[in-house]
Amino acid sequence: MRAVLFGILFFTLNSIMAQEFRTDISYKYMFANKWDKAIQTYTFSRPFLKEKQPLLRHGLNASVSYIFKSSKSLKHGINLSYSYFKSSADNENLNNILNLHFLNLGYIIHYENMEKTKGLYTDLIISTLSSGLFRNVNRKPFEYDDTRAKAFGIGCDLSIRAGYYLNLKNKIYLSPFVLIGYTPYIYSPNSEALINQTKGHVNNNWSGIFTSQVGFTFHIRQL
C-alpha cells in the first residue's frame, strides 16, 4: 500500500514539474464608470468635506497560474487571481474607507514560439469574476438599514497579457508583462447603496470595468 501511495505521489510531482507553474504580482489600474459616478455623487452631496473621496482606481493584483503540458505552441491552463483596491478619505469626525476585493478564476490560452518570437508570449484569459465591496466609517463597519453594509458582485472578464521570458537559472524564469482587461458586465446591485446610501439614482445594478496591469511573473517551467 505504501509503495502504491509513493508511486502516485512520485507521478504527481513528476507531472507538475513537467508543466509550467507561475506566480505574479502587479500594479492594477481600474476604470469603472458607474462606481466612479456613485463616489463622485457622494463627494458632491457633501460639500463640507475638505478631503474628497478618491475614486477606486489604483490597486494591487496577485495571481497563480498553471499551464498544462503540450508540445504545441498553443497551450492551455488555469488561473486564479486576487485584486485589492482602497479609497480612503480622512475628514474631521468622518473617516470613510472603501475596500474592494476581486477574485477571478480563469481559463488561459497561452501562445509561445521560442524559435520565432524569442521569448515573447501572449495569454488570452477568460474568467469568472466575483467582487466584494465593504465600507468602514470612523474605523467601524458601516451599517445600512440596521445591517452591516456589503455589496457583492459577479460577472465575466476577458484579458490579454503579453510578456517576455528571461531565464534566471535552469527551469526558473522571470518575465515582465502588461495586461489589458475588460469586464463587460458585473452584477452588483448593492454597490450604490453602500457608497452613497441611494439606489437607482446614479447607476443600475451593474457596471462595466476596464483594467490594465504592469508587473512581473515568476515561472518554473519544463521545456
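If you go through the stretch 196-215 and keep only what is surrounded by fewer than 17 Cβ atoms within 10 Å (Cβ to Cβ), within 11 Å of LYS34 (Cβ to Cβ) and among the polar types (S, T, N, Q), you end up with ASN204, ASN205. Restricted to the stretch 120-143, and to residues there that are hydroxyl-bearing (Ser, Thr, Tyr) and exposed (fewer than 15 other Cβ atoms within 10 Å of the Cβ), the residue that is nearest to LEU60 (Cα to Cα) is THR128. The criterion of at least 3 residues that are open to solvent by 80 Å² or more (accessible area, probe 1.4 Å) and not acidic (Asp, Glu) is met by the following strands (runs of 3 or more DSSP E) wholly inside the stretch 15-119: 20-31, 74-91, 94-112. If you go through the stretch 151-195 and keep only what is open to solvent by less than 10 Å² (accessible area, probe 1.4 Å) and in contact with a Pro (Cβ under 8 Å, 6 or more places away or on another chain), you end up with ALA151, GLY163.
The values are calculated or read from the model by the stated rules, or taken from the named source; none is laboratory data. Nothing here was measured: the structure is a model prediction, and the numbers come from that model. Don't worry about glycine lacking a Cβ; one is built from the backbone with ideal geometry, like all the others, and counts go over all protein chains shown. The protein model used for the area step is the full one, side chains on, heavy atoms only, and it has no ligands, DNA or RNA in it. Shrake-Rupley method; radii C 1.70, N 1.55, O 1.52, S 1.80 Å.
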